[in-house]
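The values are calculated or read from the model by the stated rules, or taken from the named source; none is laboratory data. All values reported here derive from a predicted model rather than from experimental measurement. All Cβ positions, glycine included, derive from the backbone under ideal geometry; neighbour counts span all protein chains shown.
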Amino acid sequence: MDANLEKPSTVYERRAGKRRMPTEVTIFLVLVGIALVYEILGWIFIGQSFLLNPQRLTIMILQVSVIGIIAVGVTQVIITGGIDLSSGSVVGMTAMIAASFAQSASWSRALYPTLTDMPFIVPVAVGLLIGLAAGFVNGWLIAKTKIPPFIATLGMMVTARGISKWYTKGQPVSGLTEQFTFVGTGIWPVVVFLTVAVIFHIALRYTRYGKFTYAIGANPQAARVSGINVEAHLIKVYAVAGLLAGLAGVVTAARAQTAQAGMGVMYELDAIAAAVIGGTSLVGGLGRITGTVIGTLILGTMTSGFTFLRIDAFYQEIVKGVIIVAAVVIDVYRQKKKRKA
């Protein structure tokens with residue numbers, strides 16, 4: 001069975017056609033160009049440097065780390081030819097539930113004198129399992145009932161957001177233990193993001209999991225004929241995406257040192273944008289985690305740059321929307337050009 005499948009990198013390069021440079025290099029040059037534009041505008045309009053401020057760059061990377069974790073999972077879903085609109089709501093749901101297990105016992109000791117703090121691993125494990133379960137449901141619905149991924153994940157998006165509000169009747173969860181909030185302090189969110197990116201870069205590029213993921217996205221029927229259990233693998237991919245959304249929810253709650261039902265709103269769109277900007281094709285079969293990481297940094301640079309130049313927030317959303325559409329248009333043009341070749 002494996003003999004009939006090409007390596008993910010081979011599939012990517014074959015479908016990408018001949019290029020003078022890898023896609024990731026092109027995207028990285030775009031990142032550098034955006035940063036240089038902000039640097040020039042900063043000196044012209046406010047007399048400050050954008051790139052020579054380590055604190056600003058650190059904050060920028062911290063802000064996009066959660067989006068990056070989600071985007072790694074979303075990238076794998078898109079490679080299969082699907083979509084996941086539920087990740088932002090899953091972040092909010094897992095943040096609320098995980099945080100409720102991470103509350104310090106001192107908050108309730110007046111009523112329960114023998115109560116002690118739960119071990120750090122308990123709220124983390126709960127958050128990951130909740131995310132995994134949500135992703136599994138998405139994958140099962142898509143694989144077994146054959147409903148479009150858009151509808152299945154849209155339903156999970158609404159359901160998960162409702163659960164996050166119902167769980168504490170809309171009240172925030174506070175008083176989290178120091179062990180739990182440590183995950184969100186310092187550079188730990190960035191460490192988690194980069195670790196996740198490295199793990200799934202290796203998984204997609206060098207393992208059967210990656211081969212099957214690319215094969216399904218390129219041609220589901222051919223993948224099935226090659227012996228791949230397409231339905232089972234789709235469930236795996238969506239479960240992984242849910243697991244990473246759950247991890248993002250844990251990191252979000254730990255970083256904020258509280259959890260609220262509104263956490264994660266629009267995160268799914270930012271994650272999709274990061275993947276698409278990073279070169280992942282919405283038609284499936286193409287994409288790399290390295291490109292998604294750069295796409296995430298592009299989104300972070302744009303947001304930080306607008307704030308740096310003191311441009312109103314609503315302009316940021318307009319420009320972000322334009323860039324997403326432009327990235328999709330470029331991808332469609334690229335696909336047409338390949339078909340003609």
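Here is a list of conditions, (1) modelled with pLDDT of 95 or more; (2) assigned to a loop (DSSP other than H, G, I, E, B); (3) surrounded by fewer than 21 Cβ atoms within 10 Å (Cβ to Cβ), and Gly264 meets all of them except one; can you say which number that is?
(3)
What are the residues in the stretch 188-212 that are surrounded by 20 or more Cβ atoms within 10 Å (Cβ to Cβ) and within 17 Å of the chain's Cα centre (by Cα), if any?
Pro189, Val192, Phe193, Val196, Ala197, Phe200, Leu204, listed by residue number.
Taking Pro172 as meeting all but one of (1) exposed (fewer than 13 other Cβ atoms within 10 Å of the Cβ); (2) more than 19 Å from the chain's Cα centre (by Cα), write down the number of the exception.
(1)
Under 9 Å by Cβ, and 6 or more places apart or on different chains, what pairs join a residue from the stretch 26-41 that is within 18 Å of Gln316 (Cα to Cα) with one that is among the hydroxyl-bearing types (Ser, Thr, Tyr) and surrounded by 15 or more Cβ atoms within 10 Å (Cβ to Cβ)?
If the second residue must be among the hydroxyl-bearing types (Ser, Thr, Tyr) and surrounded by 15 or more Cβ atoms within 10 Å (Cβ to Cβ), the pairs left are Leu31/Thr301; Ile34/Thr301; Ala35/Thr301; Tyr38/Thr301; Tyr38/Ser304.
For residues that are modelled with pLDDT of 95 or more and under 21 Å from Val191 (Cα atoms), tally how many sit in the stretch 32-63.
Residues meeting the conditions: 0.
State whether the residues of the stretch 85-98 include one that is surrounded by fewer than 21 Cβ atoms within 10 Å (Cβ to Cβ) and not basic (Lys, Arg).
Checked against the condition, which is being surrounded by fewer than 21 Cβ atoms within 10 Å (Cβ to Cβ) and not basic (Lys, Arg), the stretch 85-98 yields no hits at all.
So which residues in the stretch 274-293 are assigned to a helix (DSSP H, G or I) and surrounded by fewer than 23 Cβ atoms within 10 Å (Cβ to Cβ), if there are any at all?
Hit for the stretch 274-293 is Thr290, nothing else.
Out of Ala98, Ala105, Ala71, Ala125, report the one residue that is more than 25 Å from Val276 (Cβ to Cβ) and touching a residue at least 24 places away in the same chain (Cβ under 8 Å).
Ala98
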